[in-house]
1. Under 1.5 on a/c is rounded, so check that first for the stretch 66-162, then, if it is not, pick prolate when a/b is larger than b/c and oblate when it is not; a ≥ b ≥ c are the square roots of the alpha carbon gyration tensor eigenvalues.
2. How fast does the chain diffuse by Stokes-Einstein, in µm²/s, taking the Kirkwood radius from C-alpha pairs at 4 °C and 1.567 mPa s?
3. Please report the antiparallel percentage of DSSP beta bridges with both residues in the chain, rounded to the nearest 5.
4. Expressed in whole Å with the largest first, what are the equivalent ellipsoid semi-axes of the stretch 164-214 derived from the C-alpha gyration tensor as the square root of 5 times each eigenvalue?
5. Can you spot the aspartates and glutamates whose alpha carbon is less than 14 Å from K294's alpha carbon? Ignore those fewer than 8 places along the same chain.
6. I need the phi-derived Karplus couplings for the stretch 231-244: 6.51 cos²θ - 1.76 cosθ + 1.60, θ = phi - 60°, integer Hz, Gly and Pro marked x.
7. Mean shadow of the stretch 90-141, computed from the convex hull of its alpha carbons, in nm²?
8. In terms of Cα to Cα distance under 26 Å, which lysines are near enough to K222, apart from those fewer than 8 places away along the same chain?
Amino acid sequence: MIQNNIKTRVVGVDISLDKTSCAIVDIRGDIIATDSFVSADYPFIGDYVSMLSTCISKLVENNGGYETIRSVGISAPSGNFRTCCIENSPNMPWKGVIPLAAMLRDRLGIAVALGNNAHVMALGEYVFGAGHGMRDFVVVSMGNGVGSSFFSNGKAHLGADGFAGEVGHTCLVHDGRECGCGKRGCLETYTAARGIVRTARELMEESDKPSLMRKVEKLTPKLITEFCERGDELAIETYRRTGYYLGLGLANYASIINPEAIIFSGGIAQAGHWLLDPAYESFNSHVFHNIEGKVKFIVSGLEGHLRDMLGASVLAWEVQEYSLFK
Ligand SMILES: [Zn+2]
């Protein structure tokens, strides 16, 4: 008898502070259907898991049913692929260690994998984006924080505890700016959104040059980029200084793992050449001499939520256990 029960689809879930996006993805990586809801509306994890399982079930039932779904993959901030828990996320409302994959599996009755958002982002770039065909590359996501993950020998390098690639919390300046992680001088405090605005403020204090930045109450990296386009010298200098730090931090990273490319993603990467040109210059002046000029800087061409849902679907295909009851 011909068996007709091969499961050809998975569900990819991308969790961030602003929203949770779910997609049904088929074996070719085509998105069949998506849905999303506001994560922050569910500050209690029990309510959140109820909402997430309802969202997934509705999506699945309206698009072919559970007979077609093999498993679920989740991209989560501070997610640990090895334990399938969200572990002490500084930004999400749920504190402590959250066994999210197990909680969801108990509700849905199908296998659930979970990875951290940087790891999933690298999987997304590897299968569907700029990392396609590369065996060694780094992905850096720049926004409110700096997240990173890297592929080595064609595989995501996770580390003993699943937290490899945390370049955002490597020490760049001895006894430097205080970081949200409790340490000082982390790369993130100079190159994530708040750090860039802080650098802009320092520059405005250091000089009396006129600047459009002086006229706005709530300065953002996006506004600073706009002012660069309008030729504002202090705005340009803000990204030049930020680029110097970014290039230095990434040079230390690259000197250890020797990547073919560094792929940039996230809101800050939208500053484009204003940030990346000085970063590239600083990178090459600090990196190990034999790889100087060889590491490509690439801005990701994929939309963030889309890539991360696809990356989560890659994770779902890698689940070892098969669905339990369905
Ligand atoms: Zn830190």
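The values are calculated or read from the model by the stated rules, or taken from the named source; none is laboratory data. These numbers were taken from a predicted model, which means no experiment stands behind them. Using ideal geometry, Cβ is built from the backbone for each residue, glycine included, and neighbour counts are taken over all protein chains shown. Accessible surface areas use protein heavy atoms only, side chains included; no ligands, DNA or RNA. Shrake-Rupley method; radii C 1.70, N 1.55, O 1.52, S 1.80 Å.
1. oblate
2. Rounded, D is 63 µm²/s.
3. So the antiparallel bridges amount to about 55 percent of the total.
4. Ellipsoid semi-axes (Å, largest first): 26, 11, 8.
5. Partners within reach: D136, E260, E281.
6. x, 5, 4, 6, 5, 4, 5, 4, 6, 5, 5, 4, x, 4
7. 5.3
8. Leaving aside lysines fewer than 8 places away in the same chain, those within reach of K222 are K19, K209, K296.
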